[in-house]
Amino acid sequence: MIKIGSAGFNVDIAHFLKENRMKCAEIEFVRQIYLKKEEKIAEIKQAALSNRIQLSVHAPYYINLASLEKEKIIASKKRIINSAKIGEAVSAKYVCFHPGYYHDRDPEKVFEIIKFHIEDIKEQLKENGFKIKLAPELMGKISQFGNADEIIRLNKEIKGISMTIDFAHYFARNKGKPDYKKLISKLPETFHAHFSGIEYGDKGEKKHIDIDVKEFDKVLKELVAQNKEVSIINESTALLQDLLKMRKVLDKYQKD
């Protein structure tokens, strides 16, 4: 099954999603982890459960597991772990995060650094009995670690994690010439994803914009053809309006 849903979640959004047969949402900790009060956490969890919404959480954007400064790596890991704690509390399936930057170093060296720290985070979550899955994101800027091959390789080499395939980032990183069939053929049966429109240049992603319906149709066509089970979060600038467009396209391929 393919699920679609919103970047951002509250009780009102939960009702919107249910009314429009949308079954996932992502709690966005863009600059900070704002969800701390127990009663608010309980409210969010109940809104998701009662409306049958699969949740994920997005850790704060300022994360760099390959920083040249040790203190920034420590802080980054703490942000991911704290995001995962909230995710676990609301029964989220995934914690999505931006892995880091190359800093003009050999990509293979950066891969090993980031892999080491993700494995350490995974073990810390396991020690606390967490079920939430780490889901490093496919990134859109050329300077960022996390092209498609790197994210897929992390998933293969670190047992028990997942991934966030941002199709807009993939589009930007490939300068508007994505090969969705090839990409999706390399992905596991089940994974997490993002979608939006995107502006890009020689250095990759510039900014997210409204969705391109035809591009979303191309993605869905391949996901269905290859029998993938995926939750797709809309990160466009016209959040709810574009979700309705996405719902219409999804209805061509799946009735639920």
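The values are calculated or read from the model by the stated rules, or taken from the named source; none is laboratory data. None of the values given here were measured: they were computed from a predicted structure. Every residue, glycine among them, receives a Cβ derived from its backbone with ideal geometry; neighbour counts consider all protein chains shown.
Some points to look at:
- Comparison of A75, A84, A135 shows that the only residue that is on the phi < 0 side of the Ramachandran plot, out of contact with any helix residue (DSSP H, G or I) (no Cβ under 6 Å at 6 or more places or on another chain) and either modelled with pLDDT under 95 or buried (at least 20 other Cβ atoms within 10 Å of the Cβ) (or both) is A135.
- Residue among D149, D166 that alone is under 26 Å from S196 (Cα atoms), buried (at least 23 other Cβ atoms within 10 Å of the Cβ) and charged (D, E, K, R): D166
- Within the range 51-74, the set of residues being assigned to a helix (DSSP H, G or I) and either under 16 Å from V95 (Cβ atoms) or touching a residue at least 12 places away in the same chain (Cβ under 8 Å) (or both) comprises I73 only.
- Test: residue in the range 225-236 that is assigned to a loop (DSSP other than H, G, I, E, B) and more than 25 Å from K255 (Cα to Cα): no
- Residues that are at pLDDT 95 or above and in a loop (DSSP other than H, G, I, E, B) do not occur anywhere in the range 108-127.
- Single residue of the range 87-102 satisfying the filter (surrounded by fewer than 19 Cβ atoms within 10 Å (Cβ to Cβ) and more than 17 Å from the chain's Cα centre (by Cα)) that is nearest to S162 (Cα to Cα): A89
- Residues of the range 153-169 satisfying the condition of being in contact with a Leu (Cβ under 6 Å, 6 or more places away or on another chain) and outside any loop (DSSP other than H, G, I, E, B): I165, D166, H169
- In the range 116-136, the residues that are within 15 Å of G100 (Cα to Cα) form Cβ pairs under 7 Å with partners that are assigned to a helix (DSSP H, G or I) and among the charged types (D, E, K, R), at six or more places apart or across chains, as follows: H117/K77; I121/K77; L134/K122.
- Matching residues in the range 171-213 - criterion: being of a type in the set (A, V, I, L, M) and either surrounded by fewer than 13 Cβ atoms within 10 Å (Cβ to Cβ) or assigned to a loop (DSSP other than H, G, I, E, B) (or both): L187, I211
- Only one entry of A47, A7 meets the criterion of being out of contact with any Ser or Thr (no Cβ under 8 Å at 6 or more places or on another chain), more than 18 Å from V230 (Cβ to Cβ) and buried (at least 18 other Cβ atoms within 10 Å of the Cβ), and that entry is A47.
- In the range 214-255, of all residues being of a type in the set (S, T, Y) and either farther than 21 Å from G8 by Cα or crowded, with 22+ Cβ neighbours inside 10 Å (or both), the one that is nearest to the chain's Cα centre (by Cα) corresponds to S231.
- Search result, residues across the range 205-241 that are modelled with pLDDT of 95 or more, touching a Gly at 6+ places or on another chain (Cβ under 8 Å) and not β-branched (V, I, T): E205, H208, D210, D212, E215, S231, N234, S236
- Among the candidates L65, L55, residue that is aliphatic (A, V, I, L, M) and over 28 Å from D210 (Cβ atoms): L65
- For the range 13-44, the candidate set comprises residues that are surrounded by 21 or more Cβ atoms within 10 Å (Cβ to Cβ) and of a type in the set (G, A, S); within that set, the residue that is farthest from L239 (Cα to Cα) is A14.
- Among residues of the range 50-72, those that are crowded, with 17+ Cβ neighbours inside 10 Å and over 22 Å from M139 (Cβ atoms), counted: 4
- Set side by side, the residues I33, I44 differ, and just one is in a loop (DSSP other than H, G, I, E, B), free of Cβ contacts under 8 Å to residues at least 60 places away in the same chain and closer than 29 Å to M139 by Cβ, which is I33.
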